[in-house]
Structure formats: structure tokens, C-alpha cells
Amino acid sequence: MTRIWEGENELDVYEAAQALQSGKLVAFPTETVYGLGANALDQQAVLRVFKAKGRPQDNPLIVHIAAYKDLDDLVEQPLPSFVQLLIEKFWPGPLSLVLKLKEDSPIAPAVTGGQNTVAIRMPSHPIALALLAAAKVPVAAPSANTSGKPSPTSCLHVLSDLQGKIDGVVDGGETCGIGLESSVLDCSGERLSMLRPGAITAEQVEAVTKLPVVIFKWEGNNQKEDMNTPRAPGMKYRHYAPKAPIDLVNGGLEQLKLRVMEWKRQGKVVGLLAFKEFGQHIQADVFISCGQQNCLESYARQLYRALRAFDDNPLTVDVIVVQAVEETGIGVAIMNRLRKAASTGFYMASPNERLVNNN
Ligand code: TXA
Ligand code: MG
């Protein structure tokens, strides 16, 4: 049975923390997405996380902590000065740092997939911080979704994927203010690399550290970097995807309108995911609004809810036309997730290209 604890209730949070500490699987809200927590020192608990999510074991987990001193036992000391600067500036917050694991670190081997590095973050969500502090152990927590599905930004999303497979959820309502997973910055090598873009951008990291940041780009099935030894193993899997294929469209209202019409002309049932303001102007079969024009933060916050809504809709769509956004600020993270969601393992030709091919 999966219990629901009230995030606003101190006693509930305390009970959830006890459950976590004793090896149970507990999902909880963070400022990015909901995480599925397990005691990071407990190998059996961590293995159950992989099982509940259906996640490949070579994709390591992020360890969540509530206090700076928790780092001392876990990672190699002293921390490089640029890491200290990043921690001062961005913790607690949506930045995961990949650091060198301490030689006798107590972290369960399943957390890191046997690598000699570990990703660590201190979330800023008050319920997450209270839970972690009460659990008194570092907590390994991937996003609390079934592997491959969009990450959960509400308690209901968590239950729809994991009910019956985990011990409980701390309900924080729809409080994931950012809506996309943390930035993952590798600080363990010669150069700083942004393995996964998020709300903290490479430019912000460069401004604080005065060091250049290498950026890894997702390029669908034509990965530039060597995916046999991926830096963030999560990068090689398709992610964040609803059931229907995604057709990612650059441009504004007119381009989206045209694309929807082209698919409809081919007899397809067409879904549209775009800014709220665009809905009334485009005749899609199913319209799910996502954020407002001129506010990329609102698009990020609602993206996973919107992608999930297509799977829950009574009318099944053949294709989802999705609004692409400008790659600045959080737009870099949005486009990273959308490209991954759109890469279905086969090439999704645009309707025009398909027409040409058919002729
Ligand atoms: O916002 C977030 O980061 C959320 C919340 C719950 O904190 N967590 C999350 O975890 O998104 P997950 O497991 O879905 O993503 C972890 C990412 C994966 O891409 C994984 O490959 C990478 O971090 N990662 C973890 N440990 C790593 C390591 N030692 N070296 C390189 N990449 C690592
Ligand atoms: Mg995830």
C-alpha cells in the first residue's frame, strides 16, 4: 500500500522521514519535480528504487542533503574553491554537482552505478528540506516517475505512475515551482561540463566560477559524444515522452497553425501543446495549454503536466504538435527535454516531407 503524508503537517513529515531512514521508498516534492527517495546508505532500498521506476541500473541517482556538513563524509575533501563558490551561490537550489566520491564514502554502490563520482544537491523546497533533516541520512532520489515518462510535478502524477510500488508520498500539492529537473554540472574532471541543463544556466555558472563550461547537447539519435561511455548515463535514454509522437515546431502562431492543418489534411487526429493565448486561434483536435507567451518560466513549470495530459485525454491523438521555444535562460532546458521527448527511435518526418516521400 502507498501512504499519503501531508507535507504541511509536521508529524506526517516526521513519520515519512522515519520510513525513509528505515529503508522505505518515499516520494516527496522538491522545487524542481517530485523525487522518489531512498536512504542512500541502504543498498537494498536503493535497488528497490530502480525496480519501482523500471530504471536501468547503469543510470546513477542524485543524493539529496539538507546541511552543508553532510558533504564531509560523502565526497573528497577539500572541495575545489570553484565548487565552494557554486555551493555558496546556488545551494539550496536546482543545481546538482557531480563530485569525486570519498574513498571510504558510506554511499551504497547502487547509487553511483559503481562510478567514483556522485551527484549531490541540496533542494530548496521547505518540505524537502524538513524531510531530509528529519531523516538524518543522505537520500538518493531520482524523479518519481516510471522511467521514460515525463517527471511528476504533482502528487497525483506520482500516484498515477507508482501507486502500489512505493511505500508513500509526501503531498506538497502542485508546488514544484520550476517544473524541470535540476541542472547537472560535472565538477569532477579537468573541465566543468553541464551534463543536463536546468534552471541554473551554464552562463550563471561561468559568471560565478570565471571558468568556461562545456555543454553537452542532445542530438536525438545522432549523438556527437560517445554514448558508450556517457558522462551522465541518463543522456542515452529516451525521456519525458507521452505515448503519441511529438512534432516539435519552431516559430510562432502562423507556423503552428500551418503544421496542424497539414497533419489534419492527412487525416490525423492532432494534439497541440502551445502557449495559452494560441489555443483559440488554432483548430487542433485536442489543445493543451502550456504557459504564457513571453514567460518561459511558466512554460517550463507546466510542460510535464501538459505532456502527461495527452496520455490522460479520452481522445487519443496520432501526433502532438509542440511549440518550440527560444534557447535562452530556462529555454535551453525546455528544448533539451522536448528534443528527448521527440526522439522516438525513428525519424519523425514533417507532414510535408512525408508527402514528398509518398509521391
Ligand atoms: O531535480 C532533480 O534533479 C530531481 C529531483 C528529484 O531532485 N532528480 C532527478 O533525478 O532528476 P534523475 O535520477 O531523474 O536524474 C539524475 C541525472 C541523470 O541524468 C543521471 O545520469 C545524472 O543525474 N547523474 C547522477 N549521478 C551522476 C554521476 N555520478 N555522474 C554523472 N551523472 C550523474
Ligand atoms: Mg528522471
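The values are calculated or read from the model by the stated rules, or taken from the named source; none is laboratory data. This is a predicted model, so every value here is computed, not measured. Positions of Cβ are generated from backbone atoms using ideal geometry, with glycine treated the same way; all protein chains shown enter the neighbour counts. Accessible surface areas use protein heavy atoms only, side chains included; no ligands, DNA or RNA. Shrake-Rupley method; radii C 1.70, N 1.55, O 1.52, S 1.80 Å.
A few points about this structure:
- Check on Ser193, open to solvent by less than 50 Å² (accessible area, probe 1.4 Å), more than 17 Å from the chain's Cα centre (by Cα), within 13 Å of ligand 1 (Cβ to nearest atom) and free of Cβ contacts under 8 Å to residues at least 40 places away in the same chain: yes
- Selection from the stretch 315-352 of residues that are at pLDDT 90 or above, surrounded by fewer than 16 Cβ atoms within 10 Å (Cβ to Cβ) and not β-branched (Val, Ile, Thr): Leu315, Asp318, Glu326, Glu327
- Residues of the stretch 157-215 classified as β-branched (Val, Ile, Thr) and closer than 29 Å to Ser22 by Cα, total: 6
- Some residue of the stretch 96-119 being within 14 Å of Thr30 (Cα to Cα) and within 9 Å of ligand 1 (Cβ to nearest atom): yes
- Unmet requirement for Leu273, which otherwise passes all of (1) in a helix (DSSP H, G or I); (2) at pLDDT 95 or above: (1)
- Any hit, the stretch 157-167, residues being open to solvent by 40 Å² or more (accessible area, probe 1.4 Å), outside any helix (DSSP H, G or I), within 16 Å of ligand 2 (Cβ to nearest atom) and not β-branched (Val, Ile, Thr): yes
- Residues of the stretch 276-315 satisfying the condition of being in contact (Cβ under 8 Å) with a residue 12 or more places away in the chain and in a loop (DSSP other than H, G, I, E, B): Ile282, Gln283, Ala284, Asp285, Cys290, Gly291, Gln293, Asn313, Leu315
- Some residue of the stretch 9-28 being open to solvent by less than 10 Å² (accessible area, probe 1.4 Å), hydroxyl-bearing (Ser, Thr, Tyr) and modelled with pLDDT of 95 or more: no
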